[in-house]
Amino acid sequence: MPYSLTEMRILRELASNSADTAAALARNLSLDSGYLSRILTGFEQRALISREPSKADARQTLLRLTEGGRAAYAALATAAIGNIESMLARLTKDEQARLVEAMRVVQQLLS
């Protein structure tokens, strides 16, 4: 099943352990909590995530990727790397170097 960009970003956050609660995901990704809740419910129904109460704070629910969620994320990451490699392969070494430098400048300007 294809994933939206937002769904892919959520899977990445969970896979990298950058966020483990809905509140942290919403904050990190600047997502509306209602929209995020619907996505997480869908993930849970598709067995991509599990929810468990936090031992440190009973008010919080921790989100974890299931084995299926980790497999889905791994497939998405592999496909993304393949797409990037395919795009870069069309460029000469000089063009690749210019692209990397341009990306570095954009990152500096936006930081």
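The table below gives the values:
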{"read-out": "Subset of the range 1-39 (residues that are in contact with a Gly (Cβ under 8 Å, 6 or more places away or on another chain) and outside any helix (DSSP H, G or I))", "value": "none"}
{"read-out": "Top-ranked residue in the range 19-37 [being surrounded by fewer than 11 Cβ atoms within 10 Å (Cβ to Cβ) and of a type outside the set (D, E); ranked as nearest to R9 (Cα to Cα)]", "value": "S30"}
{"read-out": "Residues (among the aliphatic types (A, V, I, L, M), in a loop (DSSP other than H, G, I, E, B) and either in contact with a His (Cβ under 9 Å, 6 or more places away or on another chain) or touching a residue at least 24 places away in the same chain (Cβ under 8 Å) (or both)) located in the range 43-63", "value": "L48"}
{"read-out": "Number of positions in the range 38-49 that are of a type outside the set (K, R) and surrounded by fewer than 15 Cβ atoms within 10 Å (Cβ to Cβ)", "value": "4"}
{"read-out": "Residues being in a helix (DSSP H, G or I) and either modelled with pLDDT under 95 or within 10 Å of L11 (Cα to Cα) (or both) - total across the range 64-76", "value": "6"}
{"read-out": "Condition met for T61 (surrounded by 15 or more Cβ atoms within 10 Å (Cβ to Cβ) and among the polar types (S, T, N, Q))", "value": "yes"}
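The values are calculated or read from the model by the stated rules, or taken from the named source; none is laboratory data. Bear in mind the structure is a predicted one, so any value in this text is a computation, not a measurement. Because the Cβ atoms are built from the backbone with ideal geometry, glycine has one as well, and the counts that use them run over all protein chains shown.
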